[in-house]
Each structure stands twice: as structure tokens, then as C-alpha cells.
Amino acid sequence: LAEHGFYPLDGHLGSWARRHQQVLDAVPPERLLIIRTEDIGVRLTDLAAFVGVAPETLGPGEAHGFKARAKFGILDEIDQDHLAERIDVLCQPVLARMFPDSTG
């Protein structure tokens, strides 16, 4: 990451974990809707109900309307076992709170 001018992996993952932990600690569960990015399109009905709009006002084609313009493959350059280990160490406690029914 340093070769590309980015902060270290632990910095990115630690920051992600801290920010999400703060949200989980501050927002009452009944005022929080957590949806995995890849599930946005299939959970539009839940999202519409949560924000109080008619489901038909949310277009499935727009579920991922703000994708990155380009993929640079930087994560592909990181050893995947190392990445998984660092995610497990730094993010797993928060992920377990966000998705208690998930296995990993």
C-alpha cells in the first residue's frame, strides 16, 4: 500500500472498525439498518420501509449506482491470507455485532 501512497493496511482496517463501532455504540438498534453492500439490490423493500418511502420509488438498477470509476487491483496485490487475518483481528468483533447470524 505504501508503494501506492496509501496508509498501512492496519490503519485502514482499524479506522473502519472504530467508525463502525462508534455508530453501533451511539445509534439505538431500532434506528439502525445494516445491509451488506452486495445485498442492497435484494433488500430494497427493507430499505424503503426503513426510510419511509414506497418500495417502487427505489430502482433496483440504481442499487450500485456509485461504483468506483476504475479498479486498480491494489487489494489483489496483498497476500489474501494476511488480509483475512488482519480483518479477523481488527474487524471481526464489529462484524459480529453487525451481522450476528453470519458465519464469517
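The values are calculated or read from the model by the stated rules, or taken from the named source; none is laboratory data. Bear in mind that the values here come from a model prediction, so they are computed numbers and not experimental data. All Cβ positions, glycine included, derive from the backbone under ideal geometry; neighbour counts span all protein chains shown. Surface areas here come from the heavy atoms of the whole protein model, side chains and all, with no ligands, DNA or RNA. Shrake-Rupley method; radii C 1.70, N 1.55, O 1.52, S 1.80 Å.
Within region 44-87, if we keep just the residues that are within 16 Å of the chain's Cα centre (by Cα) and open to solvent by 90 Å² or more (accessible area, probe 1.4 Å), the residue that is modelled with the lowest pLDDT turns out to be Phe66. Once region 1-40 is narrowed to residues that are within 17 Å of Val94 (Cα to Cα) and of a type in the set (Ser, Thr, Tyr), the residue that is surrounded by the most Cβ atoms within 10 Å (Cβ to Cβ) is Ser15.
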